1. For the range 45-141, just list the percent of Cα-Cα distances falling in each 10 Å bin from zero outward, please.
2. What is the Cα centroid distance between the range 417-485 and the range 215-294, reported in whole angstrom?
3. To the nearest 0.05, how large is the calculated FRET efficiency for N58 and Q410 if R₀ is 25 Å and r is the Cβ-Cβ distance?
4. Using amide H atoms built 1.01 Å from N in the peptide plane, name the residues 5+ places from V601, or on other chains, whose amide H lies under 5 Å from its own.
5. Anything over 25 Å Cα to Cα? Flag those among K408/K469; K57/K462; K254/K408; K254/K412; K262/K407; K57/K407, in the order listed.
6. Return one whole number: the accessible area per residue of the range 1-75 in Å², for a 1.4 Å probe.
7. Return the distance in nm (one decimal) between the two label points of a simple spin-label model at F287 and H126, each offset 7 Å from Cα along Cα→Cβ.
8. Treat each spin label as a single point 7 Å out from the Cα along the C-beta direction, and report the N48 to A75 distance in nm.
Amino acid sequence: MSWGTELWDQFDNLEKHTQWGIDVLEKYIKFVKERTEIELSYAKQLRNLSKKYQPKKNSKEEEEYRYTSTRAFLATLNEMNDYAGQHEVISENMTSLIIGELTRYVQELKQERKSHFHDGRKAQQHIETCWKQLEASKRRFERDCKEADRAQQYFEKMDADINVTKADVEKARQQAQLRHQMAEDSKAEYSSTLQKFNSEQHDHYYTHIPNIFQKIQEMEERRIVRIGESMKTFAEVDRQVIPIIGKCLDEITKAAESVDHKNDSQMVIEAYKSGFEPPGDVDFEDFTQPMKRTVSESSLSNSRGDGKYEPKFGSKSKGKLWPFIKKNKLMSLLTSPHQPPPPPPASASPSAVPNGPQSPKQQKEPLSHRFNEFMTSKPKIHCFRSLKRGGAGPEDFSNLPPEQRRKKLQQKVDELNKDIQKEMDQRDALTKMKDVYIKNPQMGDAASVDHRLSELEQNIEKLRLEVQKFEGWLAEVEGRLPMRTEQARRQSGLYEAQNTSAVNSCAQDRESPDGSYTEEQSQETEMKVPATDFDDEFDDEEPLPTIGTCKALYTFEGQNEGTISVAEGEMLYVIEEDKGDGWTRIRRNEDEEGYVPTSYVEVYLDKNAKGAMTYI
């Protein structure tokens with residue numbers, strides 16, 4: 001099967017077909033090029049995706065990756081990077097092995113095709129020239145024959161005419177003979193040209209054209225083979241990275257199999273266990289005697305005699321449960337006191353107040369009460385904010401619950417031991433260097449390392465003292481963990497109150513002049529604020545605007561949760577009107593706000609009152 005013999009007369013169709021073959025090759029190159037661009041784009045998107053979900057350094061996310069599930073996710077992200085790298089390898093190999101090679105081959109193919117079809121056109125032009133020569137010789141032979149016939153007829157006519165002279169007859173005879181000779185010459189030339197043309201035509205259709213078409217056929221077959229090999233390479237490039245991609249997927253599977261739910265649950269316990277005992281039973285509150293629903297006469301008299309303020313809400317339940325109250329429930333508690341407001345006294349004298357004898361006025365509320373109402377005054381929120389800004393906690397981590405404190409102390413001891421070991425390694429290395437210098441003075445001066453050795457000894461001694469200090473605190477915590485006092489049971493899982501004066505200091509001056517939160521200001525600085533749960537919920541809340549002023553008609557001892565004490569004749573701001581429950585929400589200053597019975601105050605609603613009134 002040869003194009004030279006089968007397609008000897010299809011020169012134009014072969015030219016179109018070979019051009020189509022080159023177009024197909026270029027189309028395939030374009031296809032592979034777009035595939036490489038897709039692979040690069042996919043790899044880039046995979047890398048960006050992996051980078052997007054990588055934990056940020058020195059952030060809360062980085063701490064979360066200690067769990068097996070999150071470590072498995074981190075391993076998946078890392079493997080996705082390697083996975084993306086394999087797609088980049090696919091793109092690079094396809095570019096070099098397919099696109100580059102085929103692009104060069106297409107240029108060579110175009111040159112070869114141009115040469116073959118140039119030879120074919122040249123052969124066609126030659127055979128056409130031979131054909132034209134044959135036609136010219138044929139027409140000349142035909143013309144000479146016709147001229148010879150006419151000359152012969154003229155001679156015979158002149159010879160038969162008796163009126164024509166002998167000379168004219170002889171002239172006609174010579175002319176006839178000349179024309180016959182020219183016809184014979186033309187005949188010989190035509191015969192020779194015809195033989196030559198037949199020979200050229202035979203060579204053209206049986207030798208030259210078959211050879212040219214055979215070369216074109218071989219060129220086209222090489223093109224077909226080359227595009228097939230490129231397609232095979234296209235698949236092989238993908239197949240070469242399959243084992244590595246399989247390893248990536250195996251690593252992801254291995255990471256997934258390493259997820260241990262029991263271990264993660266234990267880590268949650270270790271991360272958040274406070275070490276406190278659960279709260280005790282809630283005391284029964286008797287509401288059958290509305291005039292004595294808060295404290296007894298004896299407790300009030302005791303508070304006067306001792307000069308100590310007994311917290312009204314310092315029971316185990318109220319001092320313990322507030323950190324676990326959800327925001328909506330907490331705000332509902334802060335809306336108004338649960339009890340109905342007391343009726344106004346018969347007179348304005350302190351003895352007529354329904355709450356009984358007036359207790360000594362405290363500058364600030366007790367710590368447990370402030371814990372339950374930590375969201376009712378702006379300074380408490382500032383206390384949280386200043387702590388979040390980076391106020392340093394106590395060195396012994398006493399602001400943390402016992403279990404968390406023990407973990408932090410143990411971690412600190414381990415870090416100090418590592419530092420000691422590092423210093424000791426440096427000391428040993430310098431000691432060996434000194435020995436070498438002593439044995440070989442030409443290598444260096446042994447006295448040059450003495451200063452550094454003394455520094456290391458001092459550092460080691462300091463670190464050991466630090467270790468002893470932290471180990472002492474650790475022993476104290478570990479000794480106290482099994483036995484918890486009643487006071488410890490009352491403590492919140494996030495706070496440890498030490499004295500009331502610290503709370504007063506926190507309420508009065510929340511921040512130091514440089515904006516940090518110092519340890520001396522308040523025990524509230526020793527809070528542990530896990531992540532930013534409370535801060536996130538309450539950080540954006542602004543204090544309620546004042547809507548007017550009010551004057552206290554009677555003295556009221558705010559001893560219930562959410563209430564505030566007022567003195568007769570005192571002027572205060574109104575921030576929330578009576579909503580039908582008998583309570584009005586007021587503010588004394590930026591630190592104190594709460595509810596008082598509406599019947600105890602005279603309200604003057606005025607939106608501009610805040611700008612016209614000063615604190616009393």
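1. Cα pair-distance distribution for the range 45-141, in percent: 13, 18, 13, 11, 10, 9, 8, 7, 5, 4, 2.
2. About 43 Å separates the Cα centre of the range 417-485 from the one of the range 215-294.
3. The calculated FRET efficiency here is 0.70.
4. For V601, the qualifying residues are L553.
5. Numbers: K408/K469 14 Å; K57/K462 30 Å; K254/K408 32 Å; K254/K412 34 Å; K262/K407 20 Å; K57/K407 22 Å.
Result: K57/K462; K254/K408; K254/K412 exceed 25 Å.
6. Values: 5300 Å² over 75 residues.
Value for the range 1-75: 71 Å² per residue.
7. Between F287 and H126, the simple spin-label model gives 12.2 nm.
8. Taking the simple label geometry, N48 and A75 are separated by 2.9 nm.
The values are calculated or read from the model by the stated rules, or taken from the named source; none is laboratory data. Source: prediction; values computed, not measured. Positions of Cβ are generated from backbone atoms using ideal geometry, with glycine treated the same way; all protein chains shown enter the neighbour counts. Accessible surface is based on the protein model in full, side chains and every heavy atom, while ligands, DNA and RNA are left aside. Shrake-Rupley method; radii C 1.70, N 1.55, O 1.52, S 1.80 Å.
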